[in-house]
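The values are calculated or read from the model by the stated rules, or taken from the named source; none is laboratory data. This structure is a prediction, so every number in the text was calculated from the model and none was measured. Glycine also receives a Cβ, built like all others from the backbone with ideal geometry; neighbour counts cover every protein chain displayed. Side chains are part of the model used for accessible areas, which takes the heavy atoms of the whole protein and leaves out ligands, DNA and RNA. Shrake-Rupley method; radii C 1.70, N 1.55, O 1.52, S 1.80 Å.
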Amino acid sequence: MRKILSIVLAIVTATLCFTACTTGDTAQKLYYNGNEYWICGAGETGEGSVLEACGLPSELTADLCGDFIGFLESTGNNTYEVVYSETDMPMYAYAPQETENVYLVEIDGTYYAAILRVDGEYQGLTEN
């Protein structure tokens with residue numbers, strides 16, 4: 001029963017993440033270490049419920065930022081890659097939990113979560 005609940009929760013989480021991250025403008029994507037991350041935020045973006053479904057707080061702030069990873073650089077079409085030359089968009093590890101599923105990025109003074117997407121499903125935070 002527990003495994004079934006976990007599967008149902010994963011499906012609901014992926015659906016919520018997909019719906020909220022793909023409404024409105026084209027979703028912003030980040031490519032890092034051969035993986036695709038979709039950038040989701042709270043507040044005016046309306047993706048707070050997505051963040052919560054993915055195990056993240058609905059408000060993203062600087063105190064959630066861990067180690068500095070690099071900077072984002074646009075590659076066009078709402079996509080970014082991580083570079084090490086300075087830009088105005090830093091990327092950080094997610095401090096509350098060590099994970100490669102979620103990173104934080106700062107764009108124009110606002111913090112966003114970059115959530116790993118694999119085979120059309122969002123990974124979010126997983127319990128260890």
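Each residue of the stretch 78-95 is assigned a 3J(HN,Hα), and the resulting list reads 6, 10, 9, 9, 8, 10, 10, 7, 5, 10, 8, 10, x, 10, 10, 5, 8, 5 Hz, derived from the Karplus form 6.51 cos²θ - 1.76 cosθ + 1.60 (θ = phi - 60°), x at Gly and Pro.
Each peptide in 110-119, 61-70 receives the mean, over its residues, of other Cβ atoms within 10 Å, and ordering these scores from highest gives 110-119, 61-70. Once the 1.4 Å probe is applied to the protein heavy atoms, the stretch 29-128 comes out at 53 Å² accessible per residue. Computed over the stretch 66-128, the quotient of the alpha carbon radius of gyration and 2.2 N^0.38 Å is 1.14.
Using θ = phi - 60° in the Karplus curve 6.51 cos²θ - 1.76 cosθ + 1.60, the 3J(HN,Hα) couplings for the stretch 50-65 round to 5, 4, 5, 5, 8, x, 10, x, 6, 10, 9, 10, 4, 5, 8, 7 Hz; x is entered for Gly and Pro. The H on the amide N of Gln28, modeled in the peptide plane, is under 5 Å from the matching H of Ile39, each at least 5 residues off or on a different chain. Here the accessible area of the stretch 72-125 is 36 percent carbon and sulfur, with a 1.4 angstrom probe and all protein chains present.
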